[in-house]
Amino acid sequence: MPHHSLNTSRLMKYFFPLLFLLVFPFMAIANDGVYWSSGGVIYPIQESRITLDKEILTFKVDEGLAHVNIEFTFINLDESPKTLLVGFQAPFPSGDVQFNIQEYNPIQNFTIMSQGAVLPYRLMIAECEDCALQRVSDIKSSDLYSGVYVYLFEITFAPGVNKINHSYSFRASSSVYMEEMYDYILTTGSKWAGGKIRKLEMNFDLGDNQFFYINDIFGENAEWSIIGTGIVTDEKFGYDPPDTSKMVRILSGFLKISVHDFNPTKNIHFGIINRNSFISYPVYAEKIQSGEVITTSLFGDPSSYSKSELRIKRNTIYAQHGYVFSSPDLQEYFSQFGWYIPNPNLKMDDIQ
């Protein structure tokens, strides 16, 4: 198949029939917050001769920045090479975000490699997902308040097995109740031939001593495992009804989820509610409102809290590190939480 030119006129001709939406803003669960950009995989419109055989997806979160690496294995069933013009979209930021169109780049370190070679791409802008493409230099910052950045590139699939690596970084979104929110469009996998990802492997590394959520969209056959020390707790909450998010406790290491012959119909949402307080909304909303559990947050005058409440607040910090309490009431109180993993070898002086 001939190589497509990336001039503007041919972009208009070829881009939109082949472009598949990869990125969308994270839906807020509160009225105010900061919403940046996130990502998904590459794909064409209902490709019938190229299957997605394997996808290894890795998220590594560091200080509110998600580093994403995806290793794809595609199989081209045709006997000749096939070139596709595809796009990766990143929405303009929303919420309490100020940015300059020319200076802001929602996706950092964007790299796409095919058959060991780094592919060139062109960054453009569209006023909407299906609007005409425009050059970034032609847009004044004041002209657009909403739209999408478009990373446009071509991929040639050789007959048989093709390995593609895609990597980028993006900032966390946040809202009133969520300190860090990330999402990834997984439904793209159903657009390749066969409509399934034969083997899907996902790794979530949000750092040591963390308590984070991930929506459970992978079905009963999915394997959830901790590589390191931690637990997939029984604690859940309905972040995006009817979806249910599982709470995962990591002391060290990362979460791995594996599933075979997966037809993705929903997308991945995960994040950290509060890095400093594991007892927080929305997981314990009812118990917090009823006074059954006490958060570490201080609202209003600290003198309004009783000595017993302040005692629990102070010791919650130690419990989050796994400290074993000599006081039976504290030990009983913290043992009700799935995130509490007591470490008898831990000394109070070891905790910072």
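The values are calculated or read from the model by the stated rules, or taken from the named source; none is laboratory data. Small disclaimer: the values here were computed from a predicted structure and weren't measured. Heads up, the Cβs are rebuilt from the backbone with ideal geometry, glycines too, and the neighbour counts pull from every protein chain shown. Note: accessible area is taken over every heavy atom of the protein model, side chains too, but ligands, DNA and RNA are not part of it. Shrake-Rupley method; radii C 1.70, N 1.55, O 1.52, S 1.80 Å.
Could you check how many residues of the stretch 297-319 are farther than 17 Å from Met247 by Cβ and touching a helix residue (DSSP H, G or I) at 6+ places or on another chain (Cβ under 6 Å)?
Restricting attention to the stretch 297-319, the residues satisfying the condition of being farther than 17 Å from Met247 by Cβ are 297-315, 317-318.
In the following step, the residues that additionally are touching a helix residue (DSSP H, G or I) at 6+ places or on another chain (Cβ under 6 Å) were identified as 315.
Of the residues in that region, 1 qualify.
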(request) Could you pull out the residue among Ile268, Ile312 that is in contact (Cβ under 8 Å) with a residue 12 or more places away in the chain and over 29 Å from the mean Cα position of the chain (by Cα)? (result) Ile312
(request) Report, by residue number, each residue of the stretch 103-123 that is open to solvent by less than 40 Å² (accessible area, probe 1.4 Å) and of a type in the set (Gly, Ala, Ser). (result) Ser114
(message) Can you pull out every residue in the stretch 262-279 that is in contact with a Leu (Cβ under 9 Å, 6 or more places away or on another chain) and outside any loop (DSSP other than H, G, I, E, B)?
(response) Phe262, Ile268, Phe270, Gly271, Ile272
(message) Can you tell me which residue is farthest from Thr83 (Cα to Cα) among those in the stretch 95-134 that are of a type in the set (Ser, Thr, Tyr) and outside any strand (DSSP E or B)?
(response) Tyr104
(message) Can you find, within the stretch 77-92, the residue that is surrounded by the most Cβ atoms within 10 Å (Cβ to Cβ) among those that are under 29 Å from the mean Cα position of the chain (by Cα) and among the hydrophobic types (A, V, I, L, M, F, W, C)?
(response) Phe88
(message) Go through (1) over 25 Å from Ile185 (Cβ atoms); (2) open to solvent by 70 Å² or more (accessible area, probe 1.4 Å) for Ile288 and report which single condition fails.
(response) (2)
(message) With the requirement that a residue be closer than 20 Å to Tyr104 by Cβ, at pLDDT 90 or above and over 13 Å from the mean Cα position of the chain (by Cα), what does the stretch 29-66 give you?
(response) Glu63
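Scan the stretch 66-91 for residues that are closer than 17 Å to Tyr168 by Cβ and in contact with a Phe, Trp or Tyr (Cβ under 8 Å, 6 or more places away or on another chain) and report the count. I'd like the intermediate steps shown before the answer.
Taking the stretch 66-91 and keeping what is closer than 17 Å to Tyr168 by Cβ, we get 66-72, 86-91.
Checking which are in contact with a Phe, Trp or Tyr (Cβ under 8 Å, 6 or more places away or on another chain) leaves us with 66-68, 86-91.
Number of matching residues: 9.
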(message) What's the total number of residues in the stretch 93-120 that are modelled with pLDDT of 80 or more, within 23 Å of the chain's Cα centre (by Cα) and not polar (S, T, N, Q)?
(response) 4
(message) Which residue is modelled with the lowest pLDDT, if the candidates are limited to the stretch 261-284 and must be among the aromatic types (Phe, Trp, Tyr) and farther than 17 Å from Asp205 by Cα?
(response) Tyr281
(request) Select the strands (runs of 3 or more DSSP E) contained entirely in the stretch 177-260, then report the ones holding at least 2 residues which are modelled with pLDDT of 95 or more and either of a type in the set (Gly, Ala, Ser) or closer than 17 Å to Phe59 by Cα (or both). (result) 197-205, 210-215, 223-237
(request) Tell me, please, whether a residue that is at negative phi and among the acidic types (Asp, Glu) can be found in the stretch 336-351. (result) yes
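Is it the case that Val248 is within 16 Å of the chain's Cα centre (by Cα) and open to solvent by less than 40 Å² (accessible area, probe 1.4 Å)? Spell out the reasoning first.
On the way: within 16 Å of the chain's Cα centre (by Cα): yes; open to solvent by less than 40 Å² (accessible area, probe 1.4 Å): yes.
Answer is yes for this residue.
Confirm whether Phe278 is open to solvent by less than 40 Å² (accessible area, probe 1.4 Å), within 21 Å of Val61 (Cβ to Cβ), of a type in the set (Phe, Trp, Tyr) and touching a Lys or Arg at 6+ places or on another chain (Cβ under 9 Å). Can you show your working first?
Numbers: open to solvent by less than 40 Å² (accessible area, probe 1.4 Å): yes; within 21 Å of Val61 (Cβ to Cβ): yes; of a type in the set (Phe, Trp, Tyr): yes; touching a Lys or Arg at 6+ places or on another chain (Cβ under 9 Å): yes.
Against the criterion (open to solvent by less than 40 Å² (accessible area, probe 1.4 Å), within 21 Å of Val61 (Cβ to Cβ), of a type in the set (Phe, Trp, Tyr) and touching a Lys or Arg at 6+ places or on another chain (Cβ under 9 Å)), Phe278 qualifies.
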(message) With the requirement that a residue be assigned to a loop (DSSP other than H, G, I, E, B) and within 18 Å of Ser277 (Cβ to Cβ), what does the stretch 294-324 give you?
(response) Ile294, Thr295, Thr296, Ser297, Leu298, Phe299, Gly300, Tyr305, Gln320, His321, Gly322, Tyr323
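So that you can scan it fast, the table gives a plain yes or no per residue for (1) surrounded by 19 or more Cβ atoms within 10 Å (Cβ to Cβ); (2) in contact with a helix residue (DSSP H, G or I) (Cβ under 6 Å, 6 or more places away or on another chain):
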| site | (1), (2) |
| --- | --- |
| Ile125 | yes, yes |
| Leu133 | yes, yes |
| Ile139 | no, no |
| Tyr149 | yes, no |
| Thr156 | no, no |
| Gly160 | no, no |
| Asp183 | yes, no |
| Thr188 | yes, no |
| Gly194 | no, no |
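When you look at Ile70, is it under 24 Å from the mean Cα position of the chain (by Cα) and in a strand (DSSP E or B), yes or no?
Details: under 24 Å from the mean Cα position of the chain (by Cα): yes; in a strand (DSSP E or B): yes.
For Ile70, the condition - under 24 Å from the mean Cα position of the chain (by Cα) and in a strand (DSSP E or B) - is met.
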